[in-house]
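Data block below; observations after.
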2 protein chains.
Amino acid sequence: MATVTRSDIIDAAGRLFAERGYHGTSMRDLGNEVGLLGSSIYSHVNSKAEILTEVIDKGAKLFQASADAALAAPVSAPEKLELLISGHIDVVMDHANEVKTFLYESRFLAADQRAVPLEQRNTYEAAFRSVFVQGAEAGDFKRLDPVITSILTLSILNAIERWFRDDGRLDRGELTQRIVGFTKASLEKE
Amino acid sequence: MATVTRSDIIDAAGRLFAERGYHGTSMRDLGNEVGLLGSSIYSHVNSKAEILTEVIDKGAKLFQASADAALAAPVSAPEKLELLISGHIDVVMDHANEVKTFLYESRFLAADQRAVPLEQRNTYEAAFRSVFVQGAEAGDFKRLDPVITSILTLSILNAIERWFRDDGRLDRGELTQRIVGFTKASLEKE
DNA sequence: CCTACCGATCGGTAGG
DNA sequence: CCTACCGATCGGTAGG
């Protein structure tokens with residue numbers, strides 16, 4: 001264990017915020033997690049809130065990178081939807097701490113700081129909306145309200161970390177196919 | 001404002017826990033919310049954790065009452081599913097504080113106290129599972145894994161409080177129909 | 001990154 | 001239900 005970096009602190013904070021919540025984690029807990037005193041954390045950051053902001057931003061950027069890749073793929077809308085879904089599942093499973101902090105701890109940011117993740121969330125959802133619209137225009141999907149459809153799809157995707165374990169009887173690929181199936185069923189034209 | 005009752009305290013705690021989280025709410029905050037000093041709360045309860053337990057239990061019982069009514073109705077499985085869905089939506093919208101506390105603050109119960117809401121949750125989910133099984137046996141639904149189908153359906157239903165406002169362009173009845181439609185589409189036989 | 005510390009606040013209690 | 005208080009812990013700072 002070499003010297004502790006800012007990045008180590010952000011990682012550790014993700015773990016603790018996800019598990020105990022922002023208000024359930026003290027600077028001393030965090031120091032202990034990285035092998036420092038609580039007060040020594042202030043050599044790396046200016047405040048506890050700054051750490052929360054950074055963990056959340058990390059989660060948001062992971063989601064956006066996934067969406068950017070899906071939208072850039074030279075494939076049809078139904079295939080883009082599959083990429084969005086499997087990409088989201090990968091982010092949720094591989095970066096569970098940042099995702100949980102993004103989902104459940106953003107509300108503890110100061111009001112003026114909350115605008116950023118809210119906007120990031122909206123941009124990310126827009127990727128889903130655009131694919132539903134594209135799919136409808138190409139005649140692949142039924143024409144449903146893309147706003148509601150995106151919200152319902154993301155409701156399923158965000159809840160995954162609350163019940164799915166990678167080592168269960170269902171593997172990640174099967175999970176993805178179930179969710180793709182469930183979602184696409186509602187988009188099918190009769 | 002007559003004298004403060006235990007029930008007033010549980011109600012106020014639901015409001016504060018939902019908004020600020022369990023660890024973000026102090027006994028002094030809670031006292032202030034009901035017009036007492038923080039220390040005076042201890043005339044009504046034994047600990048802060050006891051209050052959390054009670055708020056969560058209130059939420060769990062509201063959900064179960066809805067499920068019991070749906071299962072008892074003398075109707076077909078597809079209609080029971082609609083009752084389960086609209087009942088869940090009503091509980092989420094009419095008792096948002098207890099629901100949010102149930103969903104997001106249960107993890108702050110001591111390990112041995114967490115077993116109760118977990119079991120309540122499982123019993124409630126079992127109502128959904130049984131309706132999916134009944135529907136498949138009656139030939140109304142495609143035969144899908146009832147465990148996964150229940151989880152995906154409840155993922156959508158529990159997320160409602162995160163985005164739906166009763167005064168938006170979509171009213172509650174329309175919301176219910178969208179969700180019933182989205183869910184049933186995946187259950188339809190070709 | 002530690003030592004040494006700050007004022008504020010925490011959950012909770014004794015005694016009336 | 002308040003007064004008066006407990007020891008513990010909170011986020012954070014000065015100075016090295």
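Worth a mention:
- Cβ neighbours within 10 Å from other chains - mean over A:156-169: 3
- Candidates A:A69, A:A127, A:A60: whichever shows maximal mean-square fluctuation once chain A is modelled as a Gaussian network with Cα springs under 10 Å: A:A69
- Each residue, A:N46 and B:S39, gets one label point 7 Å from its Cα in the Cβ direction; the gap between the two is 3.9 nm.
- Among A:Y42, A:Y124, A:Y104, residue whose mean-square fluctuation peaks in a GNM of chain A (springs only between Cα atoms under 10 Å): A:Y42
- Lysines whose Cα lies under 25 Å from that of B:K184, excluding same-chain neighbours fewer than 8 positions away: A:K80, A:K142, A:K184, A:K189, B:K80, B:K142
- Peptide A:19-32 - average C-beta neighbours from other chains (10 Å radius): 2
- Among B:E79, B:E19, B:E174: highest mean-square fluctuation, GNM of chain B, C-alpha pairs under 10 Å: B:E174
- Cα gyration tensor, region A:115-178 - rounded (a/c under 1.5), prolate or oblate: oblate
- Three-way shape call for region B:1-83 based on the alpha-carbon gyration tensor, with the a/c threshold at 1.5: prolate
- Over chain A, Cα pairs under 8 Å with separation of 6+ residues give a relative contact order of 21 percent.
- Tensor-based shape of region B:49-187 (alpha-carbon gyration tensor, a/c under 1.5 rounded, otherwise prolate or oblate): oblate
- Charge dipole (Cα centre; +1 on Lys/Arg Cβ, -1 on Asp/Glu Cβ; no other charges) of region A:49-187 amounts to roughly 440 debye.
- Using alpha-carbon coordinates, inclination of helix B:77-94 to the longest axis of chain B, degrees: 20 degrees
- Cβ-Cβ distance of A:V75 and A:T123, R₀ of 25 Å, FRET efficiency by 1/(1 + (r/R0)^6): the value works out to about 0.75.
- Residue-wise HN-Hα couplings along region B:123-131, as the Karplus relation 6.51 cos²θ - 1.76 cosθ + 1.60 with θ = phi - 60° gives them from phi, are 4, 5, 4, 4, 4, 5, 4, 5, 5 Hz; Gly and Pro carry x.
- The angle separating the long axis of helix B:96-105 from the principal Cα axis of greatest extent in chain B is about 90 degrees.
Taken together, the values in this text are just the output of simple stated rules run on the coordinates, not laboratory data. Source: prediction; values computed, not measured. Methodologically, a virtual Cβ is constructed for each residue, glycine included, from the backbone with ideal geometry; neighbour enumeration extends over all protein chains shown.
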